[in-house]
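Readers should treat all values here as calculations from the given coordinates under stated rules, not as data from a laboratory. Owing to the predicted nature of the structure, the values given are computational and were not obtained by experimental measurement. FYI the Cβ positions are ideal-geometry reconstructions off the backbone, even for glycines, and counts take in every protein chain you see.
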Amino acid sequence: MIERDYMQVDGRRDHSFRVPRPDLSEETGAPNACTDCHADRDAAWAAEQVAAWYPDSERRGPHFSQVFAVGHRFPADNKDRLMQIAEDGSAAAIVRATALEMLRGVTDEAVAERGSDLLVDPSALVRENAIGLQQGAPPTDRVRRLTPLLEDQMRSVRVAAARSLIGVPAHELPETSMGPYRGAMADFRNSLSAKTDFPEIHLVLGGTALVMRNASAAEAAFREAVTLDPQLEEAWSMIVQMRLATDDVVGAREVLSEGLSHNPSSLVLIQLDLSLRG
């Protein structure tokens, strides 16, 4: 077993590895345990050796990594294959959840409908990641499918459901769901409050406040973000755009000038500056 150093000082040989699939390395770009040790050989050589030793192996069939290798780059083009993995109850929960996570940005009504069954999957990890698919559902269907998850036994699922419902007008939520919704949002805020020394957390808080139409809270959060990290150009950009949205061009220019003083090479801020100059 090859030795690996942990924490730079602890050389260990007691780790494990999956059954090697060097035959997939060239296709997926994934490493394999064979060439990890035999560094002077390539994956093709290793694949030939494994095939010679185990000509009738059952482990050389299709593998989820083949789908993931293209799915993370082109999820919309591979949505059916990713959904097949997500729906495979015999696969590990982390594998199924990864397939769903790759589909999160695909706003497709058919995918949302197909993924609705996974909202009641036995695995909390699968349920949590299936929630993101519902962004492609019509608003009424999204509310109907997600409100039951506000009372899920797992907090991560409740929070994910609440976050997905942010921006839905209160009158569109069932009265019986308002209490669980407030509770899940409180859990969400509490989870963030433990990490407020990270500027990125304030970006999340600001974005959440914007969706909930609380402009003052949003700007305060973005301001805190640039106070903690003046190089966070996304936060500067958001403040500028919020000022412009209220026709405060002078204020927008002042904020932009301040942001550029910290980030003179930022393409995002330079483009904003050019647009303001007309």
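Ranking 123, 261, 16 by Cβ neighbours within 10 Å, fewest first, what do you get?
Numbers: 123 17, 261 10, 16 6.
If I rank by nearby Cβ atoms, fewest first, I get 16, 261, 123.
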Exercise. Which whole-number percent is the relative contact order of the chain (Cα, under 8 Å, 6+ apart)?
Worked result: 7 percent
For this session: Treat every Asp and Glu Cβ in the chain as -1 and every Lys and Arg Cβ as +1, leave all other atoms uncharged, and give the resulting dipole magnitude about the Cα centre to the nearest 20 debye.
Result: 540 debye
Seminar exercise, completed: The answer for GluC sites (Glu not before Pro) in region 1-45 that fall in a DSSP coil and have at most 10 neighbouring Cβ atoms within 10 Å is 3
Exercise. In deg cm²/dmol, rounded to 500, what helix-only [θ] at 222 nm does the chain give when every DSSP H run of at least 4 residues adds -39500 (n - 2.57) and the total is split over its residues?
Worked result: -17500 deg cm²/dmol
Seminar exercise, completed: Dipole check, region 136-179, charges on Cβ (K,R +1; D,E -1), about Cα centroid: among 167, 154, 139 the Cα furthest to the positive pole belongs to 154
For this session: Have a look at 218, 230, 115 and report the one farthest towards the positive end of the charge dipole of the chain, computed about the Cα centre with Cβ charges (Lys/Arg +1, Asp/Glu -1).
Result: 218
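Explain nothing, just the number: dipole magnitude of region 230-278 about its Cα centre with +1 on each Lys and Arg Cβ and -1 on each Asp and Glu Cβ, in debye rounded to the nearest 20. Write out the running numbers ahead of the final one.
Details: 3 positive and 7 negative charges, 22 e Å.
That gives a dipole near 100 debye.
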Exercise. Order of 236, 45 from fewest to most other C-beta atoms within 10 Å?
Worked result: 45, 236
Seminar exercise, completed: Helix 43-53 sits off the longest principal axis of the Cα atoms of the chain, rounded to the nearest 10 on a 0 to 90 degree scale, by 40 degrees
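When N is the residue count of region 199-277, what does its C-alpha Rg come to as a fraction of 2.2 N^0.38 Å? Working shown, then result.
Values: Rg = 11.6 Å, N = 79, 2.2 N^0.38 = 11.6 Å.
This ratio for region 199-277 stands at 1.00.
With 10 angstrom as the radius, rank 239, 201, 166 by how many other C-beta atoms surround their C-beta, starting from the fewest. Before the final figure, lay out each step's value.
Values: 239 22, 201 19, 166 15.
The order, fewest Cβ neighbours first, is 166, 201, 239.
Ratio of alpha-carbon Rg to the 2.2 N^0.38 Å globular estimate for region 15-58, to two decimals, please.
Details: Rg = 10.1 Å, N = 44, 2.2 N^0.38 = 9.3 Å.
Compactness ratio reported: 1.08.
Can you pull the Kirkwood radius for the chain, inverse mean 1/r over Cα pairs, to one decimal in Å? Can you show the working numbers first?
Numbers: mean 1/r = 0.0443 Å⁻¹.
In the chain this quantity evaluates to 22.6 Å.
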Exercise. Any idea what the dipole of region 62-193 comes to, in debye rounded to 20, about its Cα centre with Lys/Arg Cβ at +1 and Asp/Glu Cβ at -1?
Worked result: 380 debye
Seminar exercise, completed: Rounded to the nearest 10 degrees, the helix 267-277 long axis (Cα) sits at an angle to the longest Cα principal axis of the chain of 30 degrees
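Taking loop as defined by DSSP and a crowding limit of 15 other beta carbons within 10 Å, which trypsin sites (Lys or Arg not before Pro) in region 9-40 fit?
Working: sites: 12, 13, 18; in loops: 13, 18.
Sites meeting the loop and neighbour criteria: 13, 18.
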For this session: May I ask for the distance between the Cα centers of region 47-107 and region 167-181, given as a whole number of Å?
Result: 37 Å
For this session: Specify the angular offset, from 0 to 90 degrees and rounded to the nearest 10, of the alpha carbon long axis of helix 93-102 from the longest principal axis of the alpha carbons in the chain.
Result: 50 degrees
